[in-house]
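The values are calculated or read from the model by the stated rules, or taken from the named source; none is laboratory data. Just so it is clear, the structure is predicted and the values come from calculations on it, not from any experiment. Here the Cβ is made from the backbone with ideal geometry for all residues, glycine too, and neighbour counts use every protein chain on show.
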C-alpha cells in the first residue's frame, strides 16, 4: 500500500461563502482545499476511501490525488558542516 495526499473541498460551502452566507453545518474553511493523507493500493482506492468519508452527495469535490514519496530522514550522520573561511563560523 502506498500513501496518497488527496485535496478536497466542499462546493456547497464555496458557493455559500462566495454569496456572503454560511453553510448550515460546515465551517467556512471547507471552501478551501483540505489535504488528507490516506493509504491505498492505488489512486482509485485513495479516492474511494476519501469519498466514503466525504461523499459527493454532500458537496465534497476531490481536487487532486498525489502519491506521496518518502523523504529521506535527516540524521546527525547525514548533516555536514562547512566552515566559513571569512569568520570561521560553522554553517
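General remarks:
- Pairs with Cβ under 6 Å, 6+ apart, first in the stretch 48-62 and on the phi > 0 side of the Ramachandran plot and surrounded by 10 or more Cβ atoms within 10 Å (Cβ to Cβ), second in a helix (DSSP H, G or I) and modelled with pLDDT of 95 or more: 59/11; 59/12
- Scanning the stretch 15-35 for residues being outside any loop (DSSP other than H, G, I, E, B) and either under 18 Å from the mean Cα position of the chain (by Cα) or surrounded by fewer than 17 Cβ atoms within 10 Å (Cβ to Cβ) (or both) gives a total of 8.
- Hey, residue 38 modelled with pLDDT of 95 or more, assigned to a strand (DSSP E or B) and within 17 Å of residue 68 (Cβ to Cβ) or not: yes
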